[in-house]
Amino acid sequence: MAHPPQTAKPADAPLRAVKGMNDILPAESLRWEWFEDTVRRLLVRYGYRALRTPIVEPTALFVRGLGEVTDIVEKEMYSFEDSMNGDRLTLRPEATAGMVRAINEHNALYNGPLRVWQMGAMFRHERPQKGRYRQFHQLDVEAFGHAGPDVDAELILMVRALWRELGLKEGADVALELNSLGQPAERLAHRAALVVYLEAHAGQLDEDACRRLHTNPLRILDTKNPAMQALVEGAPRLMDFLGSESRAHFEALCAVLDAAGLAYRINPRLVRGMDYYNLTVFEWVTPHLGSQATICGGGRYDQLMEQLGGKPAPGVGFGLGIERLLLLLEVLHLQPPPCAPDAYAVVPDLAALPRVMPVLEALRAQGLAVVLHAGGGSMKSQFKKADASGARHALIFGADELARGEVAIKPLRDAAAAQSSRLIAQAATWAHELRTA
């Protein structure tokens with residue numbers, strides 16, 4: 001397909017970010033840091049460790065891992081040829097395949113199962129829209145070497161714990177949906193029955209369904225086309241093709257969630273576009289983001305390790321779209337706690353900085369957040385900046401104070417903690433004594 005010619009821009013035109021790849025400015029970064037800090041604290045409590053993988057991977061990794069007939073591989077990947085050696089490379093469109101590649105490459109399961117996580121940028125070439133971008137960020141949490149439903153349940157309950165830490169309410173703000181994809185042989189039997197059913201109703205299939213009918217028919221069940229909903233509702237259900245072991249796995253998972261008081265809905269239309277999923281699949285959905293209902297999805301992928309060239313080992317995990325979650329928090333007016341400095345240093349005379357700076361460094365060494373007013377200015381303007389910063393105290397390094405070897409401390413908030421005042425005073429006195437000894 002020919003692309004329209006691009007209009008040349010003047011050489012001195014302002015440069016802008018690539019469409020769908022966004023800057024995150026300091027005011028918005030506060031919300032990101034709140035989320036990231038919350039996640040890190042939570043994952044430590046569950047025994048998960050960070051695994052960091054490259055942003056660029058061999059294209060073959062995703063073709064083998066995701067399947068050649070998935071939308072991601074067919075339409076969305078940013079792939080290119082390495083000009084140095086001709087290798088085909090891809091900006092990662094998702095994290096699981098890369099994490100599995102790393103586990104295989106380094107034989108990381110040699111000493112037993114691993115619980116790992118990763119948070120970072122992913123890339124998909126699609127039409128940007130709010131909460132869905134070409135460069136997006138994702139939290140992925142994976143457990144390798146655990147075959148039972150206990151870890152499936154642990155991961156789902158971990159996500160519930162995250163919602164609670166962020167202030168989201170189960171039922172009203174987020175809800176859990178579950179399904180089982182069974183094992184490959186069960187899925188093949190269901191696939192054959194599904195193709196027969198869909199072929200018998202070929203006149204009702206839209207263009208996308210016709211394209212997927214003999215390549216990835218399971219994805220047809222996930223269609224958003226209103227005209228096909230009745231057809232999909234009458235389709236054979238995968239749950240009816242599960243054997244006794246697959247059913248037992250799913251029932252054991254549900255028993256743990258029931259005991260934990262977590263409500264869920266079994267959704268027989270919940271499927272996956274990737275070829276590597278089996279048994280448990282789950283999604284957390286919200287009613288507050290319109291068609292972008294899913295904010296977290298995961299499941300089990302016991303064949304993926306072997307599919308990507310490693311030794312057979314079970315795996316289960318989830319991915320959470322950070323932009324979409326932060327959009328939900330914004331819609332619900334859930335704000336991070338205030339992030340204000342403990343103190344703001346007012347320095348009327350810049351010539352005093354050689355005496356002031358050691359004091360500030362001493363305070364910071366005590367764990368206090370202290371902002372230095374840079375560039376001078378009148379006392380009045382500096383106090384205005386101090387108040388606007390949200391700081392609980394102003395530290396005044398005026399000529400009189402410095403002549404006496406003191407630092408004046410002025411509370412800026414009614415609720416300024418007495419302990420913080422004492423700590424500032426102690427650290428300032430200690431710094432002064434150290435400097436004049």
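The values are calculated or read from the model by the stated rules, or taken from the named source; none is laboratory data. Note that the structure is a prediction, hence the values are computed from the model and not measured. Note that each Cβ is placed from the backbone with ideal geometry, even for glycine, and that neighbours are counted across all protein chains shown.
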* Asked: Inside the range 385-424, can you point out the residues that are in a helix (DSSP H, G or I) and either outside the structural domain of residue 352 (by TED's automatic domain parsing) or at pLDDT below 70 (or both)?
  -> 418, 419, 420, 421, 422, 423, 424
* Asked: Can we say residue 209 is out of contact with any Asp or Glu (no Cβ under 7 Å at 6 or more places or on another chain), assigned to a loop (DSSP other than H, G, I, E, B) and farther than 30 Å from residue 31 by Cβ?
  -> no
* Structure fact -> In the range 97-119, anything over 23 Å from residue 42 (Cβ atoms), touching a Phe, Trp or Tyr at 6+ places or on another chain (Cβ under 7 Å) and modelled with pLDDT of 95 or more is listed as 109
* Kindly indicate the residue of the range 194-217 that is free of Cβ contacts under 8 Å to residues at least 12 places away in the same chain and surrounded by 12 or more Cβ atoms within 10 Å (Cβ to Cβ) and also farthest from residue 229 (Cα to Cα) among those meeting that condition. => 211
* Structure fact -> Across (1) in contact with a Phe, Trp or Tyr (Cβ under 9 Å, 6 or more places away or on another chain); (2) free of Cβ contacts under 8 Å to residues at least 40 places away in the same chain, residue 271 clears everything bar (2)
* Identify, please: which residue in the range 345-354 is touching a His at 6+ places or on another chain (Cβ under 9 Å) and not in a loop (DSSP other than H, G, I, E, B) and is, among those, nearest to residue 392 (Cα to Cα)? -> 345
* Asked: Does residue 331 satisfy the condition of being surrounded by fewer than 16 Cβ atoms within 10 Å (Cβ to Cβ) and either closer than 24 Å to residue 151 by Cα or touching a residue at least 40 places away in the same chain (Cβ under 8 Å) (or both)?
  -> yes
* Quick one: residue 257 ticks every box in (1) surrounded by fewer than 17 Cβ atoms within 10 Å (Cβ to Cβ); (2) more than 23 Å from the chain's Cα centre (by Cα) bar one, so which box is it? -> (1)
